[in-house]
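To start, the structure under review is shown below, and the notes come after it.
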Amino acid sequence: MPTPSFPARLSTSRAIVGAIQQAIEQDNAEAWIARVFSEVLSSDQEVEDYAWIGETPKMREWIGGRQAVGLTESNYSLRNRPFEATIKLPVAWMRRDKTGQIRQRISGLALANTEHWADLGSALIEAGEAAKCYDEPLVSQRVSCTTL
């Protein structure tokens, strides 16, 4: 993974936050978890309620009249929980870092973010046969709900 190009001096908290955000965006773009769970829904509430409608019916031979099939309605709620990782650095270290070690640790925070979401996604996949989706196992031959 290439090292993100950070500002030359990380002497302000604003520069550090910008460097972390840049590294997170780069790591997330390359992460396998982003490809598996590709549906990204924005969230700005403590609890988000999501609704969706079921699958369309399969085609059948048209014999007699139309046989309209209603779509099922489903929903789920997600409670947002805050997560964090913080490092404490003396200001003098940031000003005197000539070997790029501080930048590497900041990149490590971004990587910790990506690994955190990968851990959560992996736990969901591992629980696939026990967890329910559409009243069936989350991982099933008939129903694929891996974007939940």
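Which count do you get for residues in region 77-99 that are touching a residue at least 24 places away in the same chain (Cβ under 8 Å) and in a loop (DSSP other than H, G, I, E, B)? Write out each step before concluding.
Applying the first criterion (touching a residue at least 24 places away in the same chain (Cβ under 8 Å)) to region 77-99 yields 77-80, 83, 85, 91, 94-95, 97.
Imposing the further condition that a residue be in a loop (DSSP other than H, G, I, E, B) reduces the set to 80, 83, 85, 97.
The qualifying residues number 4.
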*Which of the residues belonging to region 81-107 are farther than 23 Å from Q26 by Cα and loosely packed, with under 11 Cβ neighbours inside 10 Å?*
R81, K88, P90, V91, A92, R96, K98
*How many of the residues in region 46-72 are modelled with pLDDT of 85 or more and surrounded by fewer than 10 Cβ atoms within 10 Å (Cβ to Cβ)?*
16
*Name every residue in region 100-147 that is under 23 Å from Y50 (Cα atoms), among the polar types (S, T, N, Q) and either modelled with pLDDT of 85 or more or assigned to a strand (DSSP E or B) (or both), in order of residue number.*
S144
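The values are calculated or read from the model by the stated rules, or taken from the named source; none is laboratory data. Since the model is a prediction, treat every value here as computed from it, not as a measurement. All Cβ positions, glycine included, derive from the backbone under ideal geometry; neighbour counts span all protein chains shown.
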